[in-house]
Amino acid sequence: MKHLLQPLMDWYAATLQNGGFPLVALLMAIESSLVPLPSEVIIPPAAHLAWTSGLPLLGSQCTGWPALIALVLAGTLGSWVGAAVMYWVSRFAGRLFVLRYGGYFFIPPSKVEGAERWADSYGAFGIFAARLLPVVRHLIGIPAGIVRMNFWRYSIYTLLGSALWCAVLCWLGVTVGEHINNGEMHKVTLILLGFLAAVGVLYYFFVHRQMKTRPAGNGKKA
């Protein structure tokens, strides 16, 4: 996957200054749909640039707190668009179609079934929580669409979770960027390690254990 994403990341770094908030929204929409493009490589660089030199908005350069707020809004909107696409495609296509052909779009049956187990375990709150966790983030729209969850309820949870996640990533981008500029690489290392550890723990307990294939009979003895 890295060799597929690296050209996109190089292009993103080169065009972010001109692409600005619409580019962020577009990539976040992709991240929430078919392609598992990490939001961790989309929002933080944009947040650092927005905080320091600014990003173009309505013909002028937007910087500081207004730029970060605009960035959170752009990321949230993009995430909702991608999540809405996943919802409606799954709703109209149905479970059998998704299971049969999802593998052609980076969504094999095992991931679909894992997302269904996640949704069964956490219900509507899982829509909100999924926006804060890797892997399940771009899959949660599939079971929501298949069971025909109320779209507006789905949208509200998606928007709230996406806004919180984008805000966290903005903080990460600004904080890490400032330490890099100050040459405080030890602090950068500690922050990144702490962030990755926190996400890893949350992923293991709330995603991995729910999405892994369960044995027949859910492991219960006859």
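The values are calculated or read from the model by the stated rules, or taken from the named source; none is laboratory data. Quick caveat: nothing in here was measured; it's all calculated off a predicted structure. Because the Cβ atoms are built from the backbone with ideal geometry, glycine has one as well, and the counts that use them run over all protein chains shown.
Only residues that are of a type outside the set (Gly, Ala, Ser), within 15 Å of Pro36 (Cα to Cα) and in a helix (DSSP H, G or I) were counted across segment 106-138, and they come to 5.
Would you point out the residue of segment 146-160, among those that are more than 18 Å from the chain's Cα centre (by Cα) and assigned to a helix (DSSP H, G or I), that is surrounded by the fewest Cβ atoms within 10 Å (Cβ to Cβ)?
Step one: list which residues in segment 146-160 are more than 18 Å from the chain's Cα centre (by Cα), which gives 146-153.
Right, trim to assigned to a helix (DSSP H, G or I) and you get 146, 151-153.
Details: Ile146: 22, Phe151: 15, Trp152: 8, Arg153: 12.
The qualifying residue surrounded by the fewest Cβ atoms within 10 Å (Cβ to Cβ) is Trp152.
Only one residue in Ser90, Ser79, Ser121 is within 23 Å of Phe195 (Cα to Cα) and among the polar types (S, T, N, Q). Which one? Reasoning before the result, please.
Details: Ser90 fails: within 23 Å of Phe195 (Cα to Cα); Ser121 fails: within 23 Å of Phe195 (Cα to Cα).
Testing whether each residue is within 23 Å of Phe195 (Cα to Cα) and among the polar types (S, T, N, Q) leaves just Ser79.
Could you tell me whether segment 123-140 includes any residue that is over 20 Å from Phe205 (Cβ atoms) and of a type in the set (Phe, Trp, Tyr)? The answer is no; no qualifying residue exists.
Is there a residue in segment 87-105 that is in contact (Cβ under 8 Å) with a residue 12 or more places away in the chain, in contact with a His (Cβ under 8 Å, 6 or more places away or on another chain) and part of a helix (DSSP H, G or I)? Within segment 87-105, not a single residue is in contact (Cβ under 8 Å) with a residue 12 or more places away in the chain, in contact with a His (Cβ under 8 Å, 6 or more places away or on another chain) and part of a helix (DSSP H, G or I).
Among the residues of segment 111-140, just one is in contact (Cβ under 8 Å) with a residue 24 or more places away in the chain, surrounded by fewer than 14 Cβ atoms within 10 Å (Cβ to Cβ) and either among the small types (Gly, Ala, Ser) or touching a Gly at 6+ places or on another chain (Cβ under 8 Å) (or both), namely Ser121. Taken together, the residues in segment 1-33 that are modelled with pLDDT of 75 or more, more than 17 Å from Thr76 (Cβ to Cβ) and outside any helix (DSSP H, G or I) amount to 0. Scanning segment 51-84 for residues that are over 22 Å from Leu132 (Cα atoms), in contact (Cβ under 8 Å) with a residue 24 or more places away in the chain and part of a helix (DSSP H, G or I) yields Trp51, Thr52.
May I ask you to list the residues in segment 83-120 that are among the aromatic types (Phe, Trp, Tyr) and at pLDDT 90 or above? Talk me through it step by step, then tell me what you get.
We begin by selecting, within segment 83-120, every residue among the aromatic types (Phe, Trp, Tyr); these are 87-88, 92, 97, 101, 104-106, 118.
Residues satisfying the conditions are Tyr87, Trp88, Phe92.
Does Leu49 satisfy the criteria of being surrounded by 19 or more Cβ atoms within 10 Å (Cβ to Cβ) and within 13 Å of Val24 (Cβ to Cβ)? Answer is yes for this residue. Just one of (1) at pLDDT 90 or above; (2) among the aromatic types (Phe, Trp, Tyr); (3) surrounded by fewer than 20 Cβ atoms within 10 Å (Cβ to Cβ); (4) under 24 Å from Ile127 (Cα atoms) fails for Trp80. It is (3).
Count of segment 187-208 residues, restricted to those that are small (Gly, Ala, Ser) and surrounded by 12 or more Cβ atoms within 10 Å (Cβ to Cβ), is 1.
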